[in-house]
1. Any chance the stretch 46-69 includes a residue that's charged (D, E, K, R), free of Cβ contacts under 8 Å to residues at least 24 places away in the same chain and at positive phi?
2. Of everything in the stretch 18-37, what is surrounded by 15 or more Cβ atoms within 10 Å (Cβ to Cβ) and either in contact with a Pro (Cβ under 6 Å, 6 or more places away or on another chain) or in a helix (DSSP H, G or I) (or both)? Give them in sequence order.
3. From the set of residues in the stretch 38-90 that are assigned to a helix (DSSP H, G or I) and among the polar types (S, T, N, Q), which is surrounded by the most Cβ atoms within 10 Å (Cβ to Cβ)?
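No lab work stands behind these numbers, since they all come straight from the coordinates. The shown structure was predicted, so the numbers you read here are calculated from the model rather than taken from an experiment. Please note: Cβ atoms are built from the backbone with ideal geometry, for glycine as well, and neighbour counts cover all protein chains shown.
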Amino acid sequence: MSDESKEEIERKKLLWRCRRGTKELDLILASFVTENYADLKETEKADFNLLLDTQDPVLTEWLCFDVEPSSDLKEIVDTIRFFGTEKSSL
C-alpha cells in the first residue's frame, strides 16, 4: 500500500489527463493544476474535470484564442485564463 494521500493521487491523475496534443495546452493545464487546483471549490473541480473531456482544438480556441466557451464551462475557462494572464504579467 502506498503512503500517498488521496489528494496526491487525484493530482497525479489530473496531470496525466492534462497531457494533450499540443505543448501549449500541456503547459496551461498542468500549470493550472499544479498551482491552483487544490484551492478550487468542489464545483470548480467538477467543471475542470468536465473541461478535460473537451477536444483539443476546442480547448485551444477557448484557452489560447479567447473564443467564448459553452456557458456551463465559462467560469472555469475564465479562471484558467485569469491564471494565465497573472503568470504572464509577472
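1. Yes - at least one qualifying residue is present in the stretch 46-69.
2. Leu25, Ile28, Leu29, Ala30, Ser31, Phe32, Val33, Asn36, Tyr37
3. Filtering the stretch 38-90 for residues that are assigned to a helix (DSSP H, G or I) and among the polar types (S, T, N, Q), the one surrounded by the most Cβ atoms within 10 Å (Cβ to Cβ) comes out as Thr60.
Each row is one residue, and each column tells you yes or no for (1) among the acidic types (Asp, Glu); (2) under 11 Å from the mean Cα position of the chain (by Cα).
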{"site": "Glu24", "(1), (2)": "yes, no"}
{"site": "Leu27", "(1), (2)": "no, yes"}
{"site": "Asn36", "(1), (2)": "no, yes"}
{"site": "Thr43", "(1), (2)": "no, no"}
{"site": "Asn49", "(1), (2)": "no, yes"}
{"site": "Glu61", "(1), (2)": "yes, no"}
